[in-house]
1. Quickly work out the B:SER153-to-B:VAL52 label distance, labels modelled 7 Å from Cα along the C-beta direction, and quote it in nm with one decimal.
2. For the protein assembly as shown, give the magnitude of the charge dipole about the Cα centre (Cβ charges: +1 Lys/Arg, -1 Asp/Glu; no others), in debye to the nearest 20.
3. Report the relative contact order of segment B:1-149, percent, no decimals, based on alpha-carbon pairs under 8 angstrom and at least 6 residues apart.
4. What does the accessible area per residue of segment A:281-351 come to in Å², with a 1.4 Å probe and no ligands, DNA or RNA counted?
5. Taking only protein heavy atoms and a 1.4 Å probe, what accessible area per residue, in Å², does segment A:20-114 have with all protein chains in place?
6. Return P(r) of segment A:148-281 (all Cα-Cα pairs; 10 Å bins starting at 0; whole %; ordered from short to long distances).
7. Provide the FRET efficiency to the nearest 0.05 for the A:GLU98-B:SER44 pair, computing r from the beta carbons and using R0 = 60 Å.
8. If you wrap segment B:1-83's Cα atoms in a convex hull and average its projection over all directions, what's the area in nm²?
Amino acid sequence: MSAIAVENVSKHWTTTSGQVRAVDSVSFALDPGTLNVLLGPSGCGKSTTLRLIAGLDHADTGRIWIDGREVTHLAPARRKISMVFQSYALFPHLSVQENIVFGLRVRKTGHADRDRRLKRVSELLGLSALLDRKPGQLSGGQQQRVALGRALIAEAPVCLMDEPLSNLDAQLRQEMRLEIRNLQRQLGITMVYVTHDQVEAMSMADRVILLSCGRIEQNGTPADLYETPANIFVARFIGTPPMNLLRLDKAGSEAVIAGTAGPGVAPLAWAGGMLGVRPEHVLLARDGPFTARVESVEYLGADSLLLCRIGEQILTTRVAGRVGVTGGDSVHLSWARGASHFFDAATGIRLATEPIHQTATMFA
Amino acid sequence: MTRSAQWLYGWLLLLPAAVLLALFTHYPAVATLWHSFRSTPRGSRASTFVGVDNYAQLVDDPIFWQSLTNNLWFAIGTIPLSITLALLMAVWVNGRIAGRGFLRLAYFTPTVLPMIAVANIWLFFYTPEYGLLEQITGAFGMPAHNWLGSKNSALAALMVVTVWKEAGFFMIFYLAALQQMSPQLAEAAAIEGASRAYFFRRVTLPLLMPTTLFVLVNAVINAFRLVDHVVVMTRGGPDNATELLLYYIYEIGFRFWDSAYAAALTMVLLLLLGVVALLQFWFLERKVHYQ
């Protein structure tokens, strides 16, 4: 039985410029005890989807189950969930302690039980010394922990998080990422985590659901999204820098990269499509089959990005360390057969599912 | 620019406002205190120093005591009611309801209207025999009543006008404070299962305390400062039933021209307001959470 199931859920907003489909026939099922990330650019409907699961907004159509129970029309409090808001939504006039036990007081949990749970949560999050402070006296990271504490103390089987780390600095964000992941595993919670940051998604998730314009683009493990992107949108969204996408043209009996004479990279049938190859899979090789001209070199420390012109298109490659080439140089490139992805140019859908696992290990 | 030129420049900028304040606020205040210890000059008799005579007269003045009592009842009758109404109206027009812009405007209208015009409108409502109130009560077969002309109802009738006027004004402050509150607080509470009443009591009300304090201080000052409605509607009558402190001072000072006694009364009013404001800050400060 899945912990959360969403079936054909849609939500429309009526604005001055007409109807906006915030969430458009979205369906997915999440396994118990897993961390699931709703990922996508702003306005893709990920926060709305989360609010529909929470019951803060109501779906126009479709049904939602939590723990096998249909909750589509239930009030948020009756869905057995907890939630962490992007703004933390702490009560500014209440102490840290009162913020954390707010829900227990609402539900009139017994005194002893309340104290026991408060002690456990505050120790878990390192808040014991701060219990009498007001939220205004805490740093951003501490406020984030209090918000987390208020969610965890409910001991709800499902925890929803709406961009919980977006107000923290990079250093703290990395620490909290690990901490949230550990807590989720330790407590066995099913978590739904909304973010626009693909690093958070890739590093934390058991499952990533990538959304765009209210629709699911791909639903799978982080490795699925990276290794077999379902369409051009996923290919461009996952990975920094994003996957190279090159137009194909026909030359003789094969499809070649547009503007080049060869070599052939795909059967003739795919000549109107797109070739995708990740910058980190492109190698500089003296005997490489593809000839390109270096446009510019961007040195990043651990690696360098080379912008190369191949035919009339630009291909980015990522090379470890510093390289001895500069703009204007001619280079030879190669990549493993399995590193190639092919997409239909019109629909953007993946054409072939070549497994790249074997070759990908070469670059790991 | 040299330091001294800068200094001069600064003072020149402050001068117009400073002169006006000194002339029309500070000087009259000090002069009032000074005059309260002297006799009123009449004809050939020049003003002389009389010590606390004016204050002694005040203690024995039954109308002073009556106006003070009237004023206290007036404050008790109008302040809590208008603040409660203001809060309720603000919560209501802050919600998602149809025509809320119109409602907000409607509630605020009494504040925008000139006080004299407002008093005249209400004068018509209260008019015996053909006034609006009389026509309504008459339609239900109730006996006629002279609302402003009867000792028992005149002060209450004034209170109704004041509550009607003040509630809309205070609502604006509450509305502004409510709009500052993040809607996510209510959502966080909803997820925890807090009812709307529980959320209002434990979150909304405490977060509105700074506004409540501000409104309360203003309400007290307004209650002791009211004069326009009295002038238009009752002139303190009948039988001093609506004699309020400031109106009494006005009568003593500008109808009986006993400026020294009026000065002493003014000092008492100022002292009273000062003490009340201090007490309010002192008591409530500890209960107020400023963000």
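1. Using points 7 Å along Cα→Cβ, the separation is 4.4 nm.
2. Working: 55 positive and 49 negative charges, 145 e Å.
In debye, rounded to 20, the protein assembly as shown gives about 700.
3. Working: 59 pairs, mean separation 11.1, N = 149.
After rounding, I find 7 percent.
4. On the way: 3650 Å² over 71 residues.
Roughly 51 Å² per residue, with all protein chains present.
5. Details: 3550 Å² over 95 residues.
Averaged over the residues of segment A:20-114, the accessible area is 37 Å².
6. Each 10 Å bin holds this share of Cα pairs: 11, 31, 27, 15, 10, 5, 1.
7. On the way: r = 74 Å, r/R0 = 1.23.
It comes to 0.25.
8. Numbers: hull surface 45.7 nm².
Across all orientations, segment B:1-83 yields a mean hull projection of 11.4 nm².
The values are calculated or read from the model by the stated rules, or taken from the named source; none is laboratory data. Being a predicted model, the structure only gives us computed values, none of them experimental. Don't worry about glycine lacking a Cβ; one is built from the backbone with ideal geometry, like all the others, and counts go over all protein chains shown. SASA here: full protein model, heavy atoms, side chains in, ligands and nucleic acids out. Shrake-Rupley method; radii C 1.70, N 1.55, O 1.52, S 1.80 Å.
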